[in-house]
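The values are calculated or read from the model by the stated rules, or taken from the named source; none is laboratory data. Note that this is a predicted model, so its numbers are computed, not measured. Ideal geometry is used to build each Cβ from the backbone, glycine not excepted, and the neighbour counts take in all protein chains shown.
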Amino acid sequence: MAATSLRDEVTGLLQELVRVDTTNPPGNETRAAELLRDYLGGNGVTSELYARVPDRANLVARIPGAGNGPRLLLLSHTDVVFADASEWDADPFGGELRDGEVWGRGALDMKGQVAAAAVTMASLAREGFEPSGELLFAATADEEVGAGFGLQWLCSEHPDAVRCDYCINEGAGDRVELGGSPYYFCSTSEKTSAPFDLHVHGRSGHASQPGIADNALVKAAPLVEALGAYTPERQLVPEIEALLETVTGEVPRSPDDALVLARTISSTLGDIVEPLLSMTLTPTMASASQKRNVVPATCTITVDSRLLPGQDPEEAQAAVRELLGDGDYELEWLEVHGGTRSPLATPLWNAVESFIESRDPGARPVPICQAGFTDSHWLREAFGTVAYGFFPSRTMNPEVAARLVHSANERVPVEDLELGLDWLRYAAHQLVG
Ligand SMILES: [Zn+2]
């Protein structure tokens, strides 16, 4: 076999993965899992497929160790979101390599990291790597929809397959300049998603005689306005305190001071920090009458709401009730997801820090709380795992990358793939070597 560099190996594997259409729904992740199983098997790494239904398999591979050391899981998901080919300048499932970038749906979210983790396993196995504990790789189904075929299901039905002390997942890793110095974001916590429906009640009637009806849509208007204008009480979470202390050298005196400090560094940092200082309430959907000439008896407003990690949902509900006051409405809380955190002083943090220091001297990691949530929370809840979202990138501009995720022309520079692969191999040596 001709010698191939790890850079070519990870590029080629990503191209193959992109060509497997795993748009969720419906997912069809089994084809990606089988591709990975064959690749890993050819490199001496055994893996197993776990599937709730045949088309939606999760793959878990392991390099077992001799001792009782910790278990490190490299976590990723193989499903991707829908791509409208007419918006793209390349085939979203073509996996084309163009000007040093691999193009295709999932290149950033997150088949690039899937490929880097798989090549980490394969290359370490070829080198005879023997972990003190265990090195695991999971490529799971159904992260994007979360209908119970992926990591949530693995944690409840096959906990021994994915139980781990440390986990490296998606979520952050961008290199950013703040106040003239370079930093890499590392996600250590996530906000809680706690959306709700606001049902406003009135009385229906014919629209030609509005006076004898009670229009729920009109009654909803001031409530929607109040939700939009709400400025919740700010709190300072440890992640944002540590972020600002690292970047400014100052400990913020109060949550308001934290926002001022962030804005002094840059308006971008202010925009990032602001929603991480409080819960957010964002009305996003409305439905009322289905007929033009019928005054609606009910109007339903759906509100996207994100709480701070650790914030009590009951307290948030009470705050919303207080904001809206008495009226002909009821609140229906839809679900509560996420909202977990991992500590900042851990061997995994030390590995992130020393990796950045050695590969990009002068740059430092800063913790971030994500406004959205990832699969990390299942592991934190099930096993108390220290889970961070960190896959470093420095070639692609982070603002460009943010626009491409879940959008047209998603692509990843091979330079960043190589850096991510370098990180995962480094972390394996540091944590379980
Ligand atoms: Zn993702």
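Do the conditions hold for A107, that is, is it surrounded by 20 or more Cβ atoms within 10 Å (Cβ to Cβ) and either without any contact (Cβ under 8 Å) to a residue 12 or more places away in the chain or closer than 21 Å to F390 by Cα (or both)? The answer is yes for A107. Among the conditions (1) modelled with pLDDT of 95 or more; (2) more than 12 Å from the ligand (Cβ to nearest atom); (3) in a loop (DSSP other than H, G, I, E, B), D142 misses just one, which is (2). Would you check if G148 is away from the ligand (no atom under 16 Å from the Cβ), in a loop (DSSP other than H, G, I, E, B) and surrounded by 17 or more Cβ atoms within 10 Å (Cβ to Cβ)? Judged against the criteria, G148 is not a match.
Conditions tested, residue by residue: (1) closer than 26 Å to T246 by Cβ; (2) part of a helix (DSSP H, G or I); (3) without any contact (Cβ under 8 Å) to a residue 60 or more places away in the chain.
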residue: V273; (1), (2), (3): yes, yes, yes
residue: S278; (1), (2), (3): yes, no, yes
residue: R292; (1), (2), (3): no, no, no
residue: Q311; (1), (2), (3): yes, no, no
residue: F373; (1), (2), (3): yes, no, no
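Any chance you could count how many residues in region 155-177 are touching a residue at least 40 places away in the same chain (Cβ under 8 Å) and away from the ligand (no atom under 16 Å from the Cβ)?
Within region 155-177, residues that are touching a residue at least 40 places away in the same chain (Cβ under 8 Å) and away from the ligand (no atom under 16 Å from the Cβ) number 13.
When only residues in region 349-403 that are under 14 Å from D416 (Cα atoms), hydrophobic (A, V, I, L, M, F, W, C) and in contact with a Lys or Arg (Cβ under 9 Å, 6 or more places away or on another chain) count, which is surrounded by the most Cβ atoms within 10 Å (Cβ to Cβ)? My answer is I356. For region 1-12, state whether one or more residues are within 12 Å of A139 (Cβ to Cβ), crowded, with 21+ Cβ neighbours inside 10 Å and in contact (Cβ under 8 Å) with a residue 12 or more places away in the chain. No: region 1-12 contains no residue that is within 12 Å of A139 (Cβ to Cβ), crowded, with 21+ Cβ neighbours inside 10 Å and in contact (Cβ under 8 Å) with a residue 12 or more places away in the chain. Entry remark, region 408-433: residues being modelled with pLDDT of 95 or more, in a loop (DSSP other than H, G, I, E, B) and surrounded by fewer than 19 Cβ atoms within 10 Å (Cβ to Cβ) number 2 in total. How do the strands (runs of 3 or more DSSP E) wholly within region 171-252 filter down when requiring 1 or more residues that are among the aromatic types (F, W, Y) and under 29 Å from the mean Cα position of the chain (by Cα): which remain? Output list reads 181-190, 196-201.
Filtered by the rule that a residue be closer than 25 Å to D304 by Cβ and either among the aliphatic types (A, V, I, L, M) or in contact with a Pro (Cβ under 7 Å, 6 or more places away or on another chain) (or both), region 174-201 gives D174, T188, S189, E190, K191, T192, A194, L198, V200.
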